[in-house]
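The values are calculated or read from the model by the stated rules, or taken from the named source; none is laboratory data. It should be emphasised that the depicted structure is a prediction, and the values quoted were computed from it without experimental measurement. Please note: Cβ atoms are built from the backbone with ideal geometry, for glycine as well, and neighbour counts cover all protein chains shown. When the accessible area is computed, the model is the full protein with side chains, heavy atoms only, and any ligands, DNA or RNA have been set aside. Shrake-Rupley method; radii C 1.70, N 1.55, O 1.52, S 1.80 Å.
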Amino acid sequence: RDDVSDLVSFSKTTNAYYNLINGDADMLIVGEANEDVLTEKEARGFQWEQAAFATDAFVFVVNADNPVDSITLDEARKIYTGEITNWEELGGEDIEIIPFQRNSEAGSQTLMEKLVMNGEPMMDPPKAYIANTMAQLMEVVKSYDGSPGAIGYSVYYYAEEMEMADGLK
């Protein structure tokens, strides 16, 4: 970062898009824009060119002690609409599912709504269940209340390549 600090700036997904729209950035390497950014883009008549150059996996993470090894897309959707509320319903222990979400400006929240929820509204989480950073989400899922009840989501890069998922699966 030090070697390129005069050429490159690092920010969260939504901030990066606003930097582009405001003329404070020329190019972004970033996930998809959320609806607020797209609305602002349209309101200003701003145009950009997008080019996909990489793919990443969207993953769910749980505490490593959670016996459930996988869930289906439909099960994930039902967790985040509040229809499935206990790990026992998914073959796990009789433990309440604590579904953490990202903040509305996060790129991973945009992906969750697009790829998983598919138009279904997510339940409104208690404020304490919203993680403002990816590192915060990983940490809270790993250590929530000393139990393996929490679940969260991320892109694979953050979970694996940035080694944020230690203690998670």
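Tabulated data for the structure shown
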item	result
Listed residues Val62, Val37, Ala76: farthest to the positive end of the dipole of the chain (Cβ charges)	Val37
Approximate spin-label separation Lys114-Asn15, in nm, with each point projected 7 Å along Cα-to-Cβ	2.2 nm
Theoretical FRET efficiency, 1/(1+(r/R0)^6), r = Cβ-Cβ of Asp24 and Glu93, R0 41 Å, to 0.05	0.25
Ellipsoid semi-axes in whole angstrom, largest first, where each is sqrt(5λ) of the Cα gyration tensor of the chain	32, 18, 13
Peptides ranked, highest mean first, by Cβ atoms within 10 Å: ranges 92-98, 12-18	12-18, 92-98
Segment Tyr157-Ser5, extension gain: residue separation times 0.36 nm, minus the distance between their alpha carbons	52.5 nm
Cα lying deepest toward the dipole's positive end in the chain, options Trp48, Asn132, Tyr158, charges on Cβ	Trp48
Selected from Met112, Met138, Met122 as most flexible by GNM, with the chain as the system and alpha-carbon contacts under 10 Å	Met122
Net length gained if the chain between Gln47 and Met123 were fully extended (0.36 nm per residue, minus Cα distance)	24.0 nm
Protection proxy ranking, peptides 76-85, 43-52, average beta carbon neighbours within 10 Å, highest first	76-85, 43-52
Per-residue [θ]222 nm for the chain (sum of -39500 (n - 2.57) over DSSP H runs n ≥ 4, rounded to 500)	-7000 deg cm²/dmol
Accessible area expressed per residue, the chain, with surrounding protein chains retained (probe 1.4 Å, Å²)	62 Å²
Set of lysines near Lys169 by C-alpha distance (under 30 Å), chain-local residues within fewer than 8 positions excluded	Lys12, Lys78, Lys114, Lys127, Lys142
Region 1-148, accessible surface, carbon-and-sulfur percent (1.4 angstrom probe)	46 percent
Pairwise FRET efficiency - Ala64 versus Leu38, Cβ, R0 = 41 Å, nearest 0.05	0.65
Region 124-137 - phi-based ³J(HN,Hα) in whole Hz, Karplus 6.51/-1.76/1.60, Gly and Pro as x	6, x, x, 3, 5, 9, 9, 9, 7, 9, 5, 4, 5, 4
